[in-house]
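Participant: This is the structure I want to talk about, given as structure tokens.
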Amino acid sequence: MAERLLKARGVEHIEKIAIDKDPAQRDEMIQRTGLRTVPQIFIDGTHIGGYDKLAALDRNESFDLNCNCKEYDGNRSPDD
């Protein structure tokens, strides 16, 4: 859902990190966020949070979504 929202807002580059396939990346995500849930979204290096926080920011038009996004996620297929 987060990826769909970002794409709908014109974000072209989303770096997805499949933490279910890379334990080191999972550990990094937990260290950086203190959270174990996915997705965890970073925009231009700033931790936004999960989808609910991203959607709330979008509803409030609190920031520009057209930026560099990184999404830690699990269970993604290569076609997503």
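Participant: Going by the conditions given, is Asp44 modelled with pLDDT of 85 or more and either in contact with a Leu (Cβ under 6 Å, 6 or more places away or on another chain) or acidic (Asp, Glu) (or both)?
Facilitator: Criteria not met by Asp44.
Participant: Only one of (1) within 11 Å of the chain's Cα centre (by Cα); (2) part of a helix (DSSP H, G or I); (3) of a type in the set (D, E, K, R) is not met by Asp27, so which one is it?
Facilitator: Of (1) within 11 Å of the chain's Cα centre (by Cα); (2) part of a helix (DSSP H, G or I); (3) of a type in the set (D, E, K, R), only one is false for Asp27: (1).
Participant: Across the stretch 30-58, which residue is farthest from Asp73 (Cα to Cα) among those that are touching a Phe, Trp or Tyr at 6+ places or on another chain (Cβ under 9 Å) and assigned to a helix (DSSP H, G or I)?
Facilitator: Among those that are touching a Phe, Trp or Tyr at 6+ places or on another chain (Cβ under 9 Å) and assigned to a helix (DSSP H, G or I), it is Leu57.
Participant: Six or more apart or on different chains, Cβ atoms under 7 Å: show the pairs whose first residue is in the stretch 1-30 and within 17 Å of Asp44 (Cα to Cα) and whose second is among the β-branched types (Val, Ile, Thr).
Facilitator: Listed by first residue and then by second, the contacts come to Ala2/Ile41; Glu3/Ile14; Leu6/Ile14; Met29/Ile19.
The values are calculated or read from the model by the stated rules, or taken from the named source; none is laboratory data. Quantities reported herein were computed from a predicted structural model and do not represent experimental measurements. Here the Cβ is made from the backbone with ideal geometry for all residues, glycine too, and neighbour counts use every protein chain on show.
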